[in-house]
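The values are calculated or read from the model by the stated rules, or taken from the named source; none is laboratory data. These numbers were taken from a predicted model, which means no experiment stands behind them. Cβ placement follows ideal geometry from the backbone for every residue including glycine, while neighbour counts extend to all protein chains displayed. These area figures cover heavy atoms from the full protein model, side chains too; ligands, DNA and RNA do not enter into them. Shrake-Rupley method; radii C 1.70, N 1.55, O 1.52, S 1.80 Å.
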Amino acid sequence: MKIKKILALTLTALLAATSMFACGEKEEEKSAETNDTPVVEDKADANTEEPAGDEAKEEAPAEEKKEETAGDLKKITDAGKMVIGYTIYEPMNYMDEEGKLTGFDTEFAEAVCAKLGVEPEFVEINWDTKFVTLSANTIDCIWNGMTISEEVLANTSCSVAYVKNAQVVVMKEDVIEDYEDIDSLKGLKFVAEAGSAGEEAIKANGLDGNYTAVDLQSTALLNVLSGQADACVIDITMAKSMTADGTDYDALDYSLELTTEEYGIGFRKGSDLCTEVNSIIEGLNEDGTLPALAEKYGLNLAF
């Protein structure tokens, strides 16, 4: 009996020791889990910082674009040329009898490029998508008798105004005296270049009840000459040149002014090239270059 009692006490002691050992392991596991908690918190902190990194990545292109725009002057200087977007619009840009591009804006741009120490490269563009073409870096500026409007100011860094202009109604010469005011024009079939100041003038004066947009101001003149339209609205600078005696359109004439305006050169938003060109324009006016060109092409300067 004594031996059995001793064995029982020994077994009890062993079970107690085993229980204590097991509890110790659980405590260690619990402690290990507790010690891992800071690692989880560190990951959470890292995840919290990740959006900031993503935002920085998203902002990077905008910063790069800003730097690129601000460096337009260096860009053209390094390239040795300035790419100029234009359309055929006499007397601003047009082909002479020998097929060479000429006009007030053509010679004006050449004079500015000479001061910049670069060559002008003229690229004919679609006027209706001129801002997209400029933003895509296909051209460095829009230089083509562009009316300074709210749309232009919203989409470009615009130069100082350099030429005064007006939007006028062009009709056949033998009927033009029958229309003395805007109300008398209502109901007529009008045409104008898409996206032009002429189109804006038609709409602003309520003359778009029977209106069709065409690709160029010269196309608008041709439509009136051929009888496809009763009237068109174009720049007075072009109307003077294209309807003069001896021209292909001398059967047409212009009368009513729907709007008055000024021309400017459009550069990319924030472009340092605009600031430099403005400074050059001031010099070309003071040295007589621009007044001489204005007299040559029958234009009125805005200075």
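Per-residue packing, averaged as other Cβ atoms within 10 Å, sorts the ranges 291-300, 138-147 into the order 138-147, 291-300, beginning with the highest. Computed extension gain for Thr247 through Lys81, at 0.36 nm per residue and net of the alpha carbon distance, reaches 56.3 nm.
Could you pull out the pairs from Lys164/Lys189; Lys172/Lys240; Lys75/Lys269 whose alpha carbons sit more than 23 Å apart here? Those over the limit are Lys164/Lys189.
The listed peptides 271-283, 155-167, ordered by packing as a protection proxy, come out as 155-167, 271-283 (highest mean of other Cβ atoms within 10 Å first). For Leu256, the amide hydrogen comes within under 5 Å of the amide hydrogens of Val169, counting only partners 5 or more places away or on other chains and with H modelled in the peptide plane.
At the residue level, Glu200 shows approximately 80 square angstrom of accessible surface with a 1.4 angstrom probe and all protein chains present. Distance between the pseudo-spin-label points of Ile280 and Asp215 (7 Å out from Cα toward the beta carbon): 3.1 nm.
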